[in-house]
Amino acid sequence: MKNYNNGDVSINENVPSYDAKFKMSNKDENVKQLRSRYNIPTDKAPVLKMHIDGNLKGSSVGYKKLEIDFSKGEKSDLSVIDSLNFQPAKVNEDDE
């Protein structure tokens, strides 16, 4: 997160839920890797979008969605999306 500046972040502390958008650089290593693996027909620098349900501190259960959006405009969709759903670990009675 410290590599991305000037982002828009919204927080709903009642849930907790977080949404953030950050402009990325084409020099970013993640962007370079995506461009080397996929045919991305635009040179436009992408936007990193994140949605997080759950507490950001420590190991939290919840849902995390990351999207790197390469879209050229409003009518164009070109994104790489990944998500994680964190669940409580099952504990064996033998481990307690």
Residues of region 6-28 classified as in a strand (DSSP E or B) and surrounded by fewer than 13 Cβ atoms within 10 Å (Cβ to Cβ), total
4
For region 62-89: of the residues being modelled with pLDDT of 75 or more and part of a loop (DSSP other than H, G, I, E, B), which is surrounded by the fewest Cβ atoms within 10 Å (Cβ to Cβ)?
GLN87
Selected residue (criterion: modelled with the lowest pLDDT) from residues of region 45-61 that are surrounded by 15 or more Cβ atoms within 10 Å (Cβ to Cβ) and either out of contact with any strand residue (DSSP E or B) (no Cβ under 6 Å at 6 or more places or on another chain) or among the β-branched types (Val, Ile, Thr) (or both):
ILE52
Near pairs, Cβ below 8 angstrom, 6+ apart or cross-chain, from region 29-41 (touching a residue at least 40 places away in the same chain (Cβ under 8 Å) and assigned to a helix (DSSP H, G or I)) to any residue that is among the small types (Gly, Ala, Ser) and surrounded by 12 or more Cβ atoms within 10 Å (Cβ to Cβ)
none
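The values are calculated or read from the model by the stated rules, or taken from the named source; none is laboratory data. Please read these numbers as outputs of a predicted model, since none were measured by experiment. A quick note on method: Cβ atoms are made from the backbone with ideal geometry, for glycine too, and the neighbour counts reach across all protein chains shown.
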